[in-house]
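Comments concern the structure below.
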Protein chains: 2
Amino acid sequence: MKTLLITGISGFVGGHFTRSLLNDTTEYEIHGVSRSEPAWDFLSDKETVLMSIIFHQCDLLNTGNIQTIIREVQPDYILHLASFSSVAQSWRAPVTSFLNNTNVFLNIVEAVRTQRTPARILSVGSSEEYGIVSPGDLPLSEKQSIVPENPYAVARVAEEYLARVYVKGYDLDICCTRSFNHIGPGQSDQFVVSSIARQFAEMSVHHKPRVIRIGDGTIVRDFIDIEDVIRAYKAILIKGVPGEVYNVCSGNGHSILDIVNCLAGLTGQPVTVEQDPALIRPVDNPVLIGSYGKLQEETGWAPVCSLESSLTKMYDYWLKRLS
Amino acid sequence: MKTLLITGISGFVGGHFTRSLLNDTTEYEIHGVSRSEPAWDFLSDKETVLMSIIFHQCDLLNTGNIQTIIREVQPDYILHLASFSSVAQSWRAPVTSFLNNTNVFLNIVEAVRTQRTPARILSVGSSEEYGIVSPGDLPLSEKQSIVPENPYAVARVAEEYLARVYVKGYDLDICCTRSFNHIGPGQSDQFVVSSIARQFAEMSVHHKPRVIRIGDGTIVRDFIDIEDVIRAYKAILIKGVPGEVYNVCSGNGHSILDIVNCLAGLTGQPVTVEQDPALIRPVDNPVLIGSYGKLQEETGWAPVCSLESSLTKMYDYWLKRLS
């Protein structure tokens, strides 16, 4: 049996990932680390999933605590999900964002290095690392230059470069991702698609006015379902090459207005859209669409979920939560 | 009178910079920040220089202290020299290196942002940001892609990207450098050229065996005299364009063995060279030589000091200190 340590297990990705492990044929001893115990209101069998893990309450900025956990758990795999991953939040609180991305990652790899733990680590990065790109560069391959344009993106670039230095300089076993925008039930409404799904659910449940408030509706992102993300992370943990970076994406781009229109169609609720200036960012990337060619070639992974199915699950989640 | 805040004032660059301001026609109210009071054993008129500054003892990782200093001083200029700038040390203690480069910089720009201080900031970066380059790319221009290969270099890249985000996203006034290897009297013998100069001085003063211990003697760096560096920083503080990055370099490359041979000639002491495996780094850039074309074009700056004069001053400094 292999031992897997998941940081940030209490979050959206952590919950879905842990849930998915219960269906796997491979057995894992699952250790989870987070500041707070998992709430996981999006899992119907939350108690069963909770019973399957050993939970360690820990602030990853506390280097002593991390050292202890790594020493005690002796993980074969570390899935490092812990992150303050909101771009919007990073503009409001750049220092907190940076600490809870780059510095926590550095604390983990340093614990693994100093204790000579032979763990394979998955470092989750972001499509935001690419910055503002030319239409001719789409879909983005991992060879594209990275020029981060917001505090969160800088933190992710620094993490990826640190991972590279720890692989080349200290011989650690780390693979990196540049993950594009995740979507799925249970995601915080700090993130745009979940916020829109919530607003549609509020219209149904609370009979609110048929108005959707968004930031810049024209920006295009590559949205990928959480289930596809999870399969990608498993594939990289098993088959990824140390020091390599993999795009985790759907290969398709949709504007924020596309998301609104799709949810309007799926829920049968025509809406008007209002732009909220508070949701406009100081600098934003107009279009980010990725290519998953490298990940597919090296691991066989490909996305399978449709945007419609993702949005339906998210709408249903909010309906249930708000009812 | 303009107010200038120098972080890391107690260091090698801080001491030389402050000393040089006493000769300038422009008058400045000089505030200095550092963890420890300046020792400045390389300044003959140390007491006069100390009298010219207002010193604030402060650990720049303490965000509250920085906020207070920025609020009280209201600087027109911030020269951010505070840094753990040794590549070798960053391999031994990567977390400490990262905190004392990227995180301290972030704390300063965040204090300036949140207090809306209209200060012009100089962010000092490093030639190490370029990483391993092809001979065909030499001398390196600022357009060269940056791929950091050691913990210190990652920290400097993150600092530069953060500077860029603070300029574009928050409208701060920051110029960046990629400074090549400084040399001059008073530099710590953690740095290779100062270490070699010290070893030559030890041979003279303590009649030690004529053996120089170095790491990889073949690596080539662009060494620039501290006096040229200071003039460059002044030029950028006055004439630099916000958000722009400037190489600060001599434009010439010398190997570590060149330095040994040059000092052997200057001091009339023939030596043998021994390689110390402890001084070899896990990953190293074979050659780094910069182009200062951009800085010269935009500010008129050009280096004037010869390598021989720099090495003579460094040897004399160590002779005096060891006698």
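Only the coordinates and a few stated rules stand behind these numbers; no lab work does. What you see is a predicted model, and the numbers here were worked out from it, not measured in a lab. In this analysis, Cβ positions are derived from the backbone assuming ideal geometry, glycine residues included, and neighbour counts consider all displayed protein chains.
Structure summary
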quantity: Sorted by Cβ neighbour density within 10 Å, fewest at the top, the residues A:LEU79, A:LEU172, B:LEU319; calculated: B:LEU319, A:LEU172, A:LEU79
quantity: Fewest-first ranking of A:MET203, B:MET1, B:MET314, using other Cβ atoms within 10 Å as the exposure measure; calculated: B:MET1, A:MET203, B:MET314
quantity: Kirkwood Rh and Cα Rg combined as Rg/Rh, region A:60-164; calculated: 1.03
quantity: Within 10 Å of each Cβ in A:103-112, the average number of Cβ atoms from other chains; calculated: 2
quantity: Shielding of B:130-142 by partner chains, average beta-carbon count, 10 Å; calculated: 0
quantity: Charged-residue dipole, Cβ positions (Lys, Arg, Asp, Glu), chain A about Cα centre, Debye nearest 20; calculated: 260
quantity: For region A:152-239, with +1 on Lys and Arg beta carbons and -1 on Asp and Glu, the positive-most of A:VAL154, A:PHE180, A:PRO209 along the dipole; calculated: A:PRO209
quantity: Nearest-20 debye value, region B:196-270 charge dipole, Cβ charges on Lys, Arg, Asp, Glu; calculated: 220
quantity: Selected from A:VAL33, B:SER195, B:ASN23, residue furthest toward positive end of dipole (the protein assembly as shown; charges at beta carbon); calculated: A:VAL33
quantity: For A:ASN23, inter-copy label distances in nm, listed shortest first [label point 7 Å out on the Cα-Cβ vector]; calculated: 7.4
quantity: Computed E for B:GLU202/A:ARG321 - FRET, C-beta separation, R0 60 angstrom, nearest 0.05; calculated: 0.25
quantity: Reachable lysines from B:LYS313, criterion Cα separation under 21 angstrom, eight or more residues apart if same chain; calculated: B:LYS46, B:LYS208
quantity: Nearest-first distances (nm) between copies at A:GLY293, label 7 Å from Cα via Cβ; calculated: 3.2
quantity: Cβ charges +1 (Lys, Arg) and -1 (Asp, Glu), total dipole of region B:195-323, debye; calculated: 400
quantity: Axis proximity, chain A to B: residue whose C-beta lies nearest, plus whole-Å distance; calculated: A:ALA158, 2
quantity: Using a 7 Å Cα-to-Cβ projection, A:THR68 label spacings across copies, nm, ascending; calculated: 3.1
quantity: Reach of A:LYS143 by Cα under 22 Å, taken over lysines that are not fewer than 8 positions away in the same chain; calculated: A:LYS168, A:LYS239, A:LYS294, B:LYS143
quantity: Cα centroid separation, region A:208-262 to region B:148-175 (Å); calculated: 27
quantity: Mean shadow area of the protein assembly as shown, taken as a quarter of the surface of its Cα convex hull (nm²); calculated: 30.5
quantity: Anchor A:LYS2: aspartates and glutamates whose Cα lies under 17 Å away (excluding residues fewer than 8 positions away in-chain); calculated: A:ASP24, A:GLU27, A:GLU29, A:GLU72, A:ASP76, A:ASP173
quantity: Average partner coverage of B:240-248, which counts Cβ from other chains inside 10 Å; calculated: 0
